[in-house]
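The structure appears right after this line, and notes come after that.
The values are calculated or read from the model by the stated rules, or taken from the named source; none is laboratory data. This is a predicted model, so every value here is computed, not measured. Backbone-built Cβ (ideal geometry, glycine too); neighbour counts: all protein chains shown. With ligands, DNA and RNA removed, areas are computed over all heavy atoms of the protein, side chains included. Shrake-Rupley method; radii C 1.70, N 1.55, O 1.52, S 1.80 Å.
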Amino acid sequence: MDQITIAPATDVDPTWNTWTLLERRLREDGDRTLIEVQRSPGVWSPVTTREFIDEAKAVALGLIALGVDPGDRVALMSRTRYEWTLFDYAIWAAGAVSVPIYETSSVDQIRWICSDSAVKAAVVETDSHRLLVDAARADIPGLTRVWQIESGDVEALKTVGRPIPVTQVDERLANVHLDSLATIIYTSGTTGRPKGTELDHAQFVRLAENTQFDFTETTLRHVICQPTARTLFFLPLAHVFARFIEVLTISSKTVIGHCPDTKTLIPSMESFRPTFLLAVPRVMEKVYNAAEQKAGTGAKLKLFRRAAKAAIVYSRALETPHGPSSSIKAQRALFDRLVYSKIRQSMGGKAEYVVSGGAPLGERLGHFFRGIGLTVLEGYGLTETTAPIVVNRPSRQKIGSVGIPFPGCSIAIAHDGEVLAKGVNVFTTYRNNPEATAEAFDEDGWFLTGDVGTLDDDGYLFITGRKKEIIVTAGGKNVVPALLEDRLRGHPLVSQCVVVGDAKPYVAALITLDAEMLPGWLKIHSLPEMDIEAARRNDQVQASIQRAVDRTNEAVSRAESIRRFSIIPGDFTELNGYLTPSLKVKRSMVLRDYGDVIEEMYSHHS
């Protein structure tokens, strides 16, 4: 069994909790900005560490006054905004346990999460969220209180808590240690009912400390611990990826901001000017596709494509012994003035790094963004590993890999190729589910991730697919869907792709079109306006997708190549339930609901 451990864990005092890290920042620079809040478009108001702590404790006193006891579970359902972080820390300050719920969740999902975790109270953002929670409450007798951010309940909680001395918060925090439960995060898994992953303060604190104090090389410390470090959250804080980075950045020197609506992300980035961002690959694909579409037609489009190719060539040359040649450097400098600088400016002009997770990024995008001056640090992890267990470092990056382990974390590859994990950030139990907990670990205590991968000679992990998603064709050929899907999604018109072919004579694909990109693509190709339904039947659209399929097939053998595809109506979204909140396709649902379409693709096979 191949195994890699980079460095031992940094020791952490067992009496610490997530607030300990926040209070350390208070001691070090309490009157410097911790968070900037966008009060109006483009106008950001600073909140110091001291002010944030005072407000979080004031809200916590309100929670205590209204009956939140130590260990109680409090649900938190909101978009990514300042108040999400405020309530997260206020719940912890009250000695309670936060249970995040995606703001896109249905009544059935809310009912399951709140009942399984025995939620006592809930915080919601909007009227619509409250209606959903109220609809679920009939079956959750223990859920007695609901507070709403947009109806003024933040100030109401502060008011009701004023008579209580702040020492009550301090006393509760003194009884919260590493082994205290911090949160229950329900996996947004692509199959089955979500499992409640219980994470202690230990997982967050130990991973944050080992991230900040990893001195083995130029590490993420270089990204987050600079006095000028700034990041803008726009991914759901209900997801473990953004949640861990929240704890990490609040405990470092980073100034953070929140963007609740991705429709305003570009202007928010331009005004906030982050130095690094968190993203999932689908976001990076959209940035690339939007830049290409913005180039327009004719000479400008040709210029963009030449610039994109030059960026990739430059980035690949960085990995050679002699580095980029003088001619490659000159070409990059030219395109930097004409193209790359404009893309960086749309992200605020200060961003140097993107920390990417949630799904494989793909080598092409990794080289493109590094070539334009934006290094994508791809990592890998799961809810059960408190997000990242491995990540690429600024000074030790291998594009195409997900990096090397953090100190205190270990990765191994089982005999069947499954990726195994151990470390300071690995969970210990699923809520109310001892059978699933037992199945999640092997006899030696390794967590079974369900992903398949390899380790190279330098200890870098490469993820090749999901163990349960590997397709075995009727001819016995093993096919990794992710490789084909990631490449095909590089086409600006392709929104989602699901490769099929298990026990079938060849590989095929279901494809959805991107409604946002369609109008610009049609204009570039001198086609009239049309909706998705018309576009999916259009000969030129079909031909363009076929060319994308042909390019995708160049990466695999004939037996693994996509022979047929079907452009289906609509799209896979969170709203219709086909995507998880981290934008992963629920493959089993697609295979079930589109079974007739899949069979039709094979009906003409002789």
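Residues with beta-carbon under 10 Å from that of VAL472, excluding VAL472: net charge, scoring Lys, Arg +1 and Asp, Glu -1?
Details: positive: LYS477, LYS504; negative: ASP502.
Neighbour charge sum, excluding VAL472 itself: +1.
Given bins 5 angstrom wide, list per bin the percent of all Cα-Cα distances in region 27-151, short to long.
Spelled out per bin, shortest first, that is 2, 11, 20, 21, 19, 12, 8, 5, 2, 0.
Mind checking which of VAL424, ALA330, LEU365 is farthest towards the positive end of region 297-428's charge dipole, using Cβ charges of +1 (Lys, Arg) and -1 (Asp, Glu) about the Cα centre?
Farthest along the dipole direction, towards plus: ALA330.
Rounded to the nearest 20 Debye, what is the dipole magnitude of the chain about its Cα centre when Lys and Arg each give +1 and Asp and Glu each give -1 at the C-beta? Can you show the working numbers first?
On the way: 68 positive and 74 negative charges, 486 e Å.
The calculated dipole for the chain is roughly 2340 debye.
Specify the inter-centroid distance of region 474-500 and region 517-569, based on alpha-carbon positions, in whole Å.
Result: 13 Å between the Cα centres.
Determine the shape class of region 431-543: with a ≥ b ≥ c the square roots of the Cα gyration tensor eigenvalues, call it rounded for a/c under 1.5, and otherwise prolate if a/b is greater than b/c, oblate otherwise.
Prolate.
As a check on your grasp of the helix formula, calculate [θ] at 222 nm for the chain: sum -39500 (n - 2.57) over DSSP H runs of n ≥ 4, divide by the residue count, round to the nearest 500.
-11000 deg cm²/dmol
Leaving out ligands and nucleic acids, note down the accessible area per residue over the chain with a 1.4 angstrom probe, in whole Å².
Numbers: 24920 Å² over 606 residues.
With the other protein chains kept in place, the chain gives 41 Å² per residue.
So in region 30-171, what percent of DSSP beta bridges are antiparallel if you round to the nearest 5? Could the numbers behind the result be given before it?
Working: 6 of 20 bridges.
Antiparallel bridges: around 30 percent, rounded to the nearest 5.
Pairs of Cα atoms under 8 Å, at least six residues apart: use those to get the relative contact order of region 83-171, whole percent.
On the way: 71 pairs, mean separation 25.2, N = 89.
With pairs under 8 Å counted, the relative contact order is 28 percent.
Among PRO70, THR512, ALA60, which residue has its Cα furthest toward the positive end of the charge dipole of the chain, with +1 on Lys/Arg Cβ and -1 on Asp/Glu Cβ?
So the residue furthest toward the plus end is THR512.
Measuring from a point 7 Å past the Cα of THR464 along Cα-to-C-beta, which residues in region 531-572 have an amide N at less than 19 Å?
Correct set: 553-562.
Hey, what angle do you get for helix 127-137 against the long axis of the chain, alpha-carbon based, 0 to 90 degrees rounded to 10?
Result, in degrees: 70.
Mind ranking 290-301, 505-516 by how tightly packed they are, going by the mean number of other C-beta atoms within 10 angstrom, highest first?
Order by mean packing, descending: 505-516, 290-301.
At 0.36 nm per residue, and after removing the present C-alpha to C-alpha distance, how many nm does the segment from GLU171 to ALA543 gain when stretched out fully? Before the final figure, lay out each step's value.
Values: separation 372, 0.36 × 372 = 133.92 nm, distance 6.73 nm.
Contour length minus the Cα-Cα distance gives 127.2 nm.
Please find the FRET efficiency linking ARG32 to SER271, where r is the Cβ-Cβ separation and R0 is fixed at 22 Å, and quote it to the nearest 0.05. Write down the numbers at each step before the final one.
Numbers: r = 20 Å, r/R0 = 0.91.
Result of the calculation: an efficiency of 0.65.
Can you give me the relative contact order of region 62-132 as a percent, contacts being Cα pairs under 8 Å and 6 or more apart?
Details: 93 pairs, mean separation 30.6, N = 71.
Value for region 62-132: 43 percent.
Students often forget the sequence filter, so: which aspartates and glutamates lie under 13 Å Cα-Cα from LYS294 once same-chain residues fewer than 8 apart are removed?
GLU516
Over region 38-97, what portion of Cα pair distances is larger than 14 Å, expressed as a whole percent?
Looking at region 38-97, the distances longer than 14 Å represent 58 percent of pairs.
Mind jotting down the distance between the C-alpha centroids of region 195-211 and region 46-77, whole Å?
Spelled out, the Cα-based centre of one part sits 20 Å from the other.
Enumerate the lysines that LYS158 could reach by cross-link, defined here as Cα to Cα under 23 Å, with residues fewer than 8 away along the same chain left out.
Within the straight-line cut-off, LYS158 pairs with LYS57, LYS120.
Report the gain in length on full extension from TYR602 to LEU318: 0.36 nm times residue separation, minus Cα-Cα distance, nm rounded to one decimal.
Details: separation 284, 0.36 × 284 = 102.24 nm, distance 4.46 nm.
Additional length available on full extension: 97.8 nm.
Could you give the angle, 0 to 90 degrees to the nearest 10, between helix 298-317's Cα long axis and the longest principal axis of the Cα atoms of the chain?
70
Largest first, please: the extent of the C-alpha atoms of region 349-446 along each principal axis, to the nearest Å.
For region 349-446, the Cα spread along each principal axis is 48, 29, 22 Å.
Once you put a point 7 Å from the Cα of LYS523 and another 7 Å from the Cα of GLN226, both along the Cβ direction, what distance in nm separates them?
3.5
Please give the Cα centre distance for region 80-124 versus region 436-451, rounded to the nearest Å.
Value for the Cα centre distance between the two parts: 27 Å.
Does region 279-334 classify as rounded, prolate or oblate by the C-alpha gyration tensor (a ≥ b ≥ c root eigenvalues; a/c under 1.5 gives rounded; else a/b over b/c gives prolate, otherwise oblate)?
On the way: a/c = 3.90, a/b = 1.41, b/c = 2.77.
Because a/c hits 1.5 or more and a/b fails to exceed b/c, region 279-334 counts as oblate.
Taking the mean number of other Cβ atoms within 10 Å as a proxy for protection, how do you rank 202-213, 540-551 from highest to lowest?
Details: 202-213: 23.3, 540-551: 15.5.
Peptide ranking by packing, descending: 202-213, 540-551.
Could you work out the relative contact order of region 305-458, using alpha carbon pairs under 8 angstrom and six or more residues apart, expressed as a whole percent? Walk me through the numbers before you get to the answer.
Numbers: 214 pairs, mean separation 23.9, N = 154.
Across region 305-458, relative contact order equals 16 percent.
Take every DSSP beta bridge whose two residues both sit in region 121-234, then give the antiparallel share in percent to the nearest 5.
On the way: 5 of 9 bridges.
Of those bridges, close to 55 percent are antiparallel.
Going by amide H atoms built from the backbone, whose H comes under 5 Å of the H on ALA122, apart from near neighbours?
HN-HN under 5 Å from ALA122: ALA75, ARG145, VAL146, TRP147.
Using a 10 Å cut-off on Cβ atoms, rank the peptides 529-539, 370-380 from the highest mean neighbour count down. It would help to have the intermediate numbers written out before the result.
Working: 529-539: 13.8, 370-380: 22.9.
Listed from highest to lowest mean packing, they are 370-380, 529-539.
Taking amide H positions as placed 1.01 Å from N in the peptide plane, with prolines and chain starts having none, which residues 5 or more places from GLY450, or on another chain, fall under 5 Å of its amide H?
The list, which skips near neighbours in sequence, is VAL419.
Sort region 419-482 into rounded, prolate or oblate with this rule: let a ≥ b ≥ c be the square roots of the eigenvalues of the Cα gyration tensor; rounded if a/c is under 1.5, and if a/c is not under 1.5, prolate when a/b is larger than b/c, oblate otherwise. Display every interim value, and only then the final one.
Values: a/c = 2.94, a/b = 1.43, b/c = 2.05.
Oblate, since a/c reaches 1.5 and b/c is not below a/b.
Rounded to whole Å and sorted largest first, list the principal axis extents of the Cα atoms in the chain.
74, 54, 53
Please work out the ratio of the alpha-carbon Rg of region 316-384 to 2.2 N^0.38 Å and round it to two decimals.
Working: Rg = 14.0 Å, N = 69, 2.2 N^0.38 = 11.0 Å.
Dividing the Cα radius of gyration by 2.2 N^0.38 Å gives 1.28.
R0 = 22 Å: FRET efficiency of ASP134 with LEU575, Cβ-based, nearest 0.05?
On the way: r = 20 Å, r/R0 = 0.93.
Given R0 = 22 Å and the Cβ-Cβ separation, E is 0.60.
Over the chain, what percent of the accessible surface lies on carbon and sulfur atoms, probe 1.4 Å? Intermediate values should be presented prior to the final figure.
Working: 12680 of 24920 Å².
Carbon and sulfur: 51 percent of the exposed surface of the chain.
Over 17 Å, how big is the tail of the calculated P(r) for region 232-349, in percent of all Cα pairs? Spell out each step's value before the answer.
On the way: 4452 of 6903 pairs.
Considering region 232-349, 64 percent of its Cα-Cα pairs are separated by more than 17 Å.
Of all beta bridges DSSP finds with both residues in the chain, what is the antiparallel percent, to the nearest 5?
Values: 48 of 83 bridges.
So the antiparallel bridges in the chain amount to around 60 percent.
Going down the table (LYS398/LYS422; LYS504/LYS586; LYS329/LYS350; LYS253/LYS300; LYS300/LYS398; LYS263/LYS300), which pairs top 30 Å between alpha carbons? Please report the intermediate quantities before stating the final value.
Details: LYS398/LYS422 22 Å; LYS504/LYS586 20 Å; LYS329/LYS350 21 Å; LYS253/LYS300 41 Å; LYS300/LYS398 32 Å; LYS263/LYS300 26 Å.
As for pairs spanning more than 30 Å Cα to Cα, those are LYS253/LYS300; LYS300/LYS398.
Tell me, what is the FRET efficiency for SER557 and SER341 to the nearest 0.05, using R0 = 60 angstrom and their Cβ-Cβ distance as r?
Working: r = 41 Å, r/R0 = 0.68.
It comes to 0.90.
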